[in-house]
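Engineer: Below is one structure. I have some questions about it.
The values are calculated or read from the model by the stated rules, or taken from the named source; none is laboratory data. What you see is a predicted model; the values in this text were computed from it and never measured. When we count neighbours, we look across all protein chains shown, and the Cβ atoms used for this are built from the backbone with ideal geometry, even at glycine. The area values use the complete protein model at the heavy-atom level, side chains included, leaving out ligands, DNA and RNA. Shrake-Rupley method; radii C 1.70, N 1.55, O 1.52, S 1.80 Å.
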Amino acid sequence: MRSVLPVITVLGALIAIWFLAVGPMNIRVSLDMAERSGATVLPEGSVERRSVSVWKLMAQNSAHVSAGYALDRPRLPTPVQVGQELWKTTGAMVMRGRAWSKRSLIYHGWITLQSTLWGFFLGTAIGIAGAVAIVYSRVANMSLMPWAIISQTIPIVALAPMIIVVSGQLGVDGRGFPKAIISAYLCFFPVLVGMVKGLRSPQASQLDLLKTYHATSLQSFLKLRLPASVPYLFTSLKVGIAAALVGTIVGELPTGAISGLGARILIGDQFGTPLAIWSALFAAAILAGVLVTLLDLVQKTTLKRMGMQA
Amino acid sequence: MTALILALVFWIVAWGVNIWLAGSRWSGALAVRIAIPVLFGFTLLVLWEGLVRAFGISPVILPPPSMVVETFANSTQILWEDFRQTVLKGALRGYAIGAVAAVLCAIAIDRSAFLTRGLLPIGNFVAALPIVGIAPILVNWFGFDWQSKAAVVVVMVFFPILVNTVQGLRETDMMQRDLMRTYAASYIQTLVKLRLPAAMPFMFNGLKIATTLALIGAIVAEYFGSPTRGMGFRISTGVGSLSIDLVWAEIAVAALVGSAFYGGVAWVEKRVTFWHPAQRG
């Protein structure tokens, strides 16, 4: 709790820097617009202005600086503009009963969330299964583990368009499937590594104790290894769900998807509406925060009920 | 069908060999530790080849590995040009700028305990965000050439390295810092001789995570506009024009570069943090 004040201070400083940066970032655009509407701007003509530094432009045309804070298509929107856009596409639409409209970020967030969760479950399942195989089989340990590491050094985005083409050709309908594959690909690795660590965390003496009880290997798995791995599991699940969200958005970006937060970013880029990009980015950040916080809560309650300190 | 049967036979034999190798008394040897995963990976390629041939899958959907290898050999010119554009110009420059900036920032932040406590949670949070999404914005700001790619890479690698370095700089304990004080060491001396070396394992952790991010950033940024070269450009146009074998060749390059980049950083880490228990094994 004692880090609340520092966090707020740093956040405030970041927002202040952002706000101050809007002026120089947008001055050229706002001067172009002012000139077009007949105001006198020094120096005249946007080509001449290109060689003049933004600071000089701001000093010479101080009257037009404030226009940069209220542009429709700014190079850098103000925090307030982004907040308004976010509200307009979420809260305001809910109040008008149009939460599921195609223009609402709630709808797009939901599409992204679905793929993220599918990818998360798939990736977690693969990760846990792989970890069990690695812990129990020597061959799997020696052949799978290096490839699991190498798989993460391969930039998945290179594969993203391929996965979408192949699954489209194979007749898998729906755009959710390829996105879920990509997010599972990014998500399985932290789970695998965490679970291998967790399943191996019981000490030799504990395993020996179970042997003296004449426990079968299934019993020692269920009663010792699995419970011992739960804290590791949750830590890696939190990394995994964030990775799954990144995967979904990466899957939506380059592929011409039409719904989802990544698609909003893509469409905002194609139609030249920066506010749509920024609001989608912040919606993605909020989604990531909510998902990680939820898992954190589940972790705390589970560990408490299992008698382990969170 | 014979292709499939051959592939399946190869799979079973390779599996048997691997089980035998892992159980044999040479299983600890370096050669065997490398041979087993290599054989495993090769088996996957053979199965892929067998499946594609046996079921007559069109090369427009999934080309067999042999065809990819052929394309790779025939188009080294294009691949080299793309490699230079994306990796040497975009990813590596961005990585270098981002890493230096992040380390300098971490050292600056570290001087204030207040800032550290405020920035660590935020940095951790931002490091988990889908930052690739800013690619279109930065392409808009910095133009189509490598500068925008490098900018995306800078932003993507900055936070993981920053967070890890800040954590690493807090790694020294009171006793060690007191010792430096009894030596009358200045802040700079303590930093260079004690705290930076102690932070190295953490810093390299961030640097290793950032290698993949750098390539992802450079490739994704090219999807949003680039000159007519570059790996991301080639992949997105290749998918459109159904020259899928070239796309797979680019993917192979990306995989090789990604692994080599990671391996290179890991190699440097081994040289720099030779004293750390994890490296002495």
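Engineer: Given 37 °C and 0.692 mPa s, compute D for chain B with the Stokes-Einstein relation, Rh being the Kirkwood radius over Cα pairs; round to the nearest whole µm²/s.
Structural biologist: Numbers: Rh = 21.9 Å.
Translational diffusion coefficient: 150 µm²/s.
Engineer: Could you identify which residue out of A:ALA244, A:ALA228, A:ALA204 has the top mean-square fluctuation in a GNM of chain A using Cα springs shorter than 10 Å?
Structural biologist: Greatest mean-square fluctuation among the candidates belongs to A:ALA204.
Engineer: List, by residue number, every residue in region B:239-277 with a reduction of 30 Å² or greater in accessible area between the chain on its own and the complete protein assembly, 1.4 Å probe.
Structural biologist: With the partner chains in place, region B:239-277 has these residues losing at least 30 Å²: B:VAL239, B:TRP248, B:ILE251, B:ALA255, B:SER259, B:TYR262.
Engineer: Continuing with the same structure: Let's test the formula: R0 of 25 Å, r as the Cβ-Cβ distance of A:ILE258 and A:ARG98. What FRET efficiency results, to the nearest 0.05? All intermediate terms of the calculation are to be shown ahead of the outcome.
Structural biologist: Numbers: r = 18 Å, r/R0 = 0.73.
Rounded to the nearest 0.05, the efficiency is 0.85.
Engineer: Radius of gyration and Dmax for the protein assembly as shown's Cα atoms, expressed in Å?
Structural biologist: 26.3, 91
Engineer: With the contact rule set at Cα under 8 Å and sequence spacing of 6 or more, what percent relative contact order holds for region A:120-279?
Structural biologist: Details: 194 pairs, mean separation 45.7, N = 160.
Once normalised by length, the contact order is 29 percent.
Engineer: Same structure, new question: What spacing in nm lies between the two simple spin-label points modelled at A:ALA133 and B:ASP173, each 7 Å away from Cα in the Cβ direction?
Structural biologist: So the label points at A:ALA133 and B:ASP173 sit 4.2 nm apart.
Engineer: What ranking, highest mean first, results for peptides B:96-104, B:158-166, A:277-285, B:265-273 when packing means the other Cβ atoms within 10 Å averaged over each residue? Numbers along the way, then the final one.
Structural biologist: On the way: B:96-104: 18.6, B:158-166: 26.0, A:277-285: 24.0, B:265-273: 14.4.
Peptide ranking by packing, descending: B:158-166, A:277-285, B:96-104, B:265-273.
Engineer: Can I ask one more? Students often forget the sequence filter, so: which lysines lie under 16 Å Cα-Cα from A:LYS197 once same-chain residues fewer than 8 apart are removed?
Structural biologist: Straight-line reach from A:LYS197, under 16 Å: A:LYS238.
Engineer: For the pair A:ARG200 and A:LEU42, how long in nm is the line joining their label points, each one 7 Å along Cα→Cβ?
Structural biologist: 7.1 nm
Engineer: Right, something else. Which residues, if any, in region B:50-80 have at least 30 Å² less accessible area in the whole protein complex than in the isolated chain, probe 1.4 Å?
Structural biologist: B:ILE61
Engineer: For chain A, modelled as a Gaussian network with Cα springs under 10 Å, which listed residue fluctuates most, A:GLY68, A:GLY262, A:GLY176?
Structural biologist: Among A:GLY68, A:GLY262, A:GLY176, the largest GNM mean-square fluctuation belongs to A:GLY68.
Engineer: Taking the Cα centre as origin and putting +1 on Lys and Arg beta-carbons and -1 on Asp and Glu beta-carbons, what dipole magnitude results for chain A, to the nearest 20 debye?
Structural biologist: Numbers: 26 positive and 11 negative charges, 161 e Å.
For chain A, the charge dipole is close to 780 debye.
Engineer: Accessible area lost on pairing B with A, both sides, 1.4 Å probe, Å² to nearest 100? Could the numbers behind the result be given before it?
Structural biologist: Numbers: alone 15760 and 17890 Å², together 29320 Å².
Approximately 4300 Å² gets buried when B meets A.
Engineer: Rounded to two decimals, what ratio of Rg to Rh does region A:50-96 give with C-alpha atoms and a Kirkwood Rh? Could you put the intermediate results ahead of the total?
Structural biologist: Details: Rg = 15.3 Å, Rh = 12.8 Å.
Result for region A:50-96 is an Rg/Rh of 1.20.
Engineer: Could you grab the relative contact order for region B:72-280? Cα pairs under 8 Å, six or more apart, rounded to a whole percent.
Structural biologist: On the way: 260 pairs, mean separation 58.0, N = 209.
Relative contact order here is 28 percent.
Engineer: Accessible area per residue for region A:4-76 in Å², computed with a 1.4 Å probe and the full protein assembly in place, what is it? Spell out each step's value before the answer.
Structural biologist: Working: 4400 Å² over 73 residues.
For region A:4-76, the solvent-accessible area averages 60 Å² per residue.
Engineer: Can you give me the pair-distance distribution of region A:203-310, C-alpha pairs, 10 Å bins, whole percents?
Structural biologist: Calculated P(r), rounded to whole percents: 13, 28, 21, 16, 12, 7, 2.
Engineer: Whenever you get a sec, compute what percent of the accessible area on the protein assembly as shown sits on carbon and sulfur atoms (1.4 Å probe). List each step's numbers first, then the result.
Structural biologist: Details: 20170 of 29320 Å².
Summing carbon and sulfur atoms, their accessible area is 69 percent of the total for the protein assembly as shown.
Engineer: Ignoring ligands, DNA and RNA, what accessible area per residue does region B:2-57 give at 1.4 Å, in Å²? Before the final figure, lay out each step's value.
Structural biologist: Working: 3560 Å² over 56 residues.
Accessible area per residue, region B:2-57: 64 Å².
Engineer: Solvent-accessible area per residue for region B:220-273 at a 1.4 Å probe radius, Å²? Kindly include the intermediate steps, with their values, before the conclusion.
Structural biologist: Numbers: 1970 Å² over 54 residues.
That works out to 37 Å² per residue.
Engineer: What does the convex hull of the alpha-carbon atoms of chain A project to on average, in nm²?
Structural biologist: Working: hull surface 92.9 nm².
Approximately 23.2 nm², given one-decimal rounding.
Engineer: Here's another thing I want to ask about it. Just to be sure I understand the model, the point goes 7 Å from the Cα along the line to the Cβ. What's the resulting A:LEU11 to A:SER62 distance in nm?
Structural biologist: 3.4 nm
Engineer: Quick one: which of B:78-85, B:108-115, A:105-112 comes out on top by average Cβ neighbours within 10 Å, and what's the full order, highest first? List each step's numbers first, then the result.
Structural biologist: Values: B:78-85: 18.2, B:108-115: 14.2, A:105-112: 22.4.
Peptide ranking by packing, descending: A:105-112, B:78-85, B:108-115.
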